[in-house]
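Novice: So that we are looking at the same thing, I have put the structure below in structure tokens.
The values are calculated or read from the model by the stated rules, or taken from the named source; none is laboratory data. Not measured: the values here are computed from a predicted model. Using ideal geometry, Cβ is built from the backbone for each residue, glycine included, and neighbour counts are taken over all protein chains shown.
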Amino acid sequence: MPLMINNSQMKLSERQYLLVNALMFQLGWLLCVLFGSMIAVGVTAATVALHMQWVRDKRREGIFLLLCLGIGFMTDLLLIQFGVLTTGSVFPPLWLSCLWVLFGTTVGYALRIFHGKLWLCIAAGGLSAPLSYYGGARLADVGLLAPAWLALLVIGLVWAFVFPVLIHFYSVNRLKVGSVS
């Protein structure tokens with residue numbers, strides 16, 4: 001079924017939107033990490049605004065994105081407080097929190113293949129998050145606990161829990177891509 005943005009002429013199939021969703025996240029991730037908080041806020045606002053055009057239940061999606069922001073802020077705050085990450089502050093930088101919102105936009109769309117697959121969620125969270133944090137730390141001058149493998153192990157264990165939790169919260173609410181006929 002074609003998806004439309006505000007009843008405009010731009011139509012995307014669900015499969016096309018999944019690809020756009022993944023690409024928006026990847027581009028947003030890179031821009032946030034490379035250019036910091038001021039750019040991150042703009043990129044996140046633009047991405048969320050565009051994303052919300054495809055979402056049937058905007059209220060629920062908005063609540064989910066706020067949940068991602070809260071969980072993400074607390075997760076990164078704990079990683080900083082325990083010395084796993086060092087950012088020059090006791091709080092996560094704004095750009096890092098923006099990444100959680102951007103990630104949240106993918107949970108019901110590009111990442112929907114993980115819905116209902118607990119062990120796959122655990123493995124994906126445990127393996128992919130350390131790679132993302134490692135790359136982000138290198139590009140954004142964020143320090144990792146030495147030895148780095150220990151920091152990445154802790155991040156992997158945290159995400160092996162957090163990712164399935166986010167997938168569960170999303171799945172419980174059964175948010176779907178909206179369509180306009």
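Novice: Can you find, within region 143-181, the residue that is farthest from ARG15 (Cα to Cα) among those that are modelled with pLDDT under 95 and outside any helix (DSSP H, G or I)?
Specialist: ARG174
Novice: In region 1-113, which helices (runs of 4 or more DSSP H) lie fully inside it and hold 2 or more residues that are touching a strand residue (DSSP E or B) at 6+ places or on another chain (Cβ under 8 Å), hydrophobic (A, V, I, L, M, F, W, C) and touching a residue at least 60 places away in the same chain (Cβ under 8 Å)?
Specialist: Values: elements: 14-35, 37-52, 58-81, 94-107.
In region 1-113, there are no helices (runs of 4 or more DSSP H) which contain 2 or more residues that are touching a strand residue (DSSP E or B) at 6+ places or on another chain (Cβ under 8 Å), hydrophobic (A, V, I, L, M, F, W, C) and touching a residue at least 60 places away in the same chain (Cβ under 8 Å).
Novice: Which residues, taken from region 79-93, are within 13 Å of ALA148 (Cα to Cα) and hydroxyl-bearing (Ser, Thr, Tyr)? If you could, list the steps in order and put the result at the bottom.
Specialist: Narrowing region 79-93 to residues within 13 Å of ALA148 (Cα to Cα): 83-86.
Correct list: THR86 only.
Novice: Moving on to the next point. Considering every residue within region 91-112, establish whether at least one is surrounded by 14 or more Cβ atoms within 10 Å (Cβ to Cβ), at pLDDT below 95, over 22 Å from ALA40 (Cα atoms) and of a type outside the set (S, T, N, Q).
Specialist: yes
Novice: Might you let me know whether region 123-139 holds any residue that is more than 14 Å from the chain's Cα centre (by Cα) and in contact (Cβ under 8 Å) with a residue 60 or more places away in the chain?
Specialist: The answer is yes, given that some residue of region 123-139 is more than 14 Å from the chain's Cα centre (by Cα) and in contact (Cβ under 8 Å) with a residue 60 or more places away in the chain.
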